[in-house]
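The block underneath contains the structure these notes are about, expressed in structure tokens.
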Amino acid sequence: MNNLLKIAEWIEQNKPIIIQEWIEDANIIAIFKKKNISRNKFSTNFAIKILEYTIDVMRSKKEIGNCPVMNKFVEYMIHYKIKSQEIVQICTPLRSTVLINLLKSHPNFTVDIMSIKEILKIFDANLFGVLKNYDQIESKISSTGEQRNLTLKTYLNRL
């Protein structure tokens, strides 16, 4: 895992490039445009912190699959009526961006299969955690909405 620490350091040093390439993904641009969300606001309020969380997971400083910042992002995006597949479309380009940049510039990364597997495991577990959180929030919202509808129907029937 020594290589994972070196990779975490490399990602730390290249955060601005990684974030810029991440938020320039065509799917992200389209989703944010459709939902009228600022990529600059996303970058400042979420992207940097999400990448820092990922680095901390690689350094074993944070628990894998439980990114508090991404959970806040999900709550923010639910306000914009985002769908789970759009969350995937926002999250997965970070993984691709990191891996592509590592393949291009990090020494010996192309032959370091164990580090590649570990990075993929981290990103996949984090995405799983985000989608789990999304489902829980959506379930609460649906339950609350159904309760309001039942209460309203009961009230209307009394009239």
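The values are calculated or read from the model by the stated rules, or taken from the named source; none is laboratory data. Since we're looking at a predicted model, the values are computed, not measured. Cβ atoms come from the backbone with ideal geometry, glycine included; neighbour counts cover every protein chain shown. Just so you know, the surface numbers come from the protein's heavy atoms only, side chains and all, with ligands and any DNA or RNA stripped out. Shrake-Rupley method; radii C 1.70, N 1.55, O 1.52, S 1.80 Å.
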Taking a probe of 1.4 Å, how large is the accessible area per residue of the range 13-126, in Å²? 54
3J(HN,Hα) from dihedral phi, the range 117-122, Karplus parametrisation 6.51/-1.76/1.60, rounded to Hz, x for glycine, proline: 4, 5, 5, 4, 4, 4
Across the range 12-19, in residue order, what do the Karplus-derived ³J(HN,Hα) couplings come to in whole Hz, using 6.51 cos²θ - 1.76 cosθ + 1.60 with θ = phi - 60° and x for Gly and Pro? 4, 5, 10, 3, x, 5, 4, 5
With only helices counted (DSSP H, runs n ≥ 4, each -39500 (n - 2.57)), the per-residue ellipticity at 222 nm for the chain, to the nearest 500, works out to -26000 deg cm²/dmol
Between Rg and the Kirkwood Rh of the chain, both from Cα atoms, what is the Rg to Rh ratio? 1.11
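If you roll a 1.4 Å probe over the range 15-142 with all protein chains in place, what percent of the accessible area is carbon or sulfur?
Result for the range 15-142: 54 percent of the exposed heavy-atom area is carbon or sulfur.
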Karplus-derived HN-Hα couplings along the range 35-51 (A = 6.51, B = -1.76, C = 1.60, θ = phi - 60°), whole Hz, x at Gly and Pro: 8, 6, 10, 6, 5, 5, 5, 4, 4, 6, 8, 10, 4, 4, 5, 5, 5
Want the number for GLU9 to ASP56: 0.36 nm per residue separation, take away the alpha-carbon distance, what's left? 15.9 nm
Pseudo-spin-label distance LEU99 to ASN2, built 7 Å along Cα→Cβ, given in nm, is 2.6
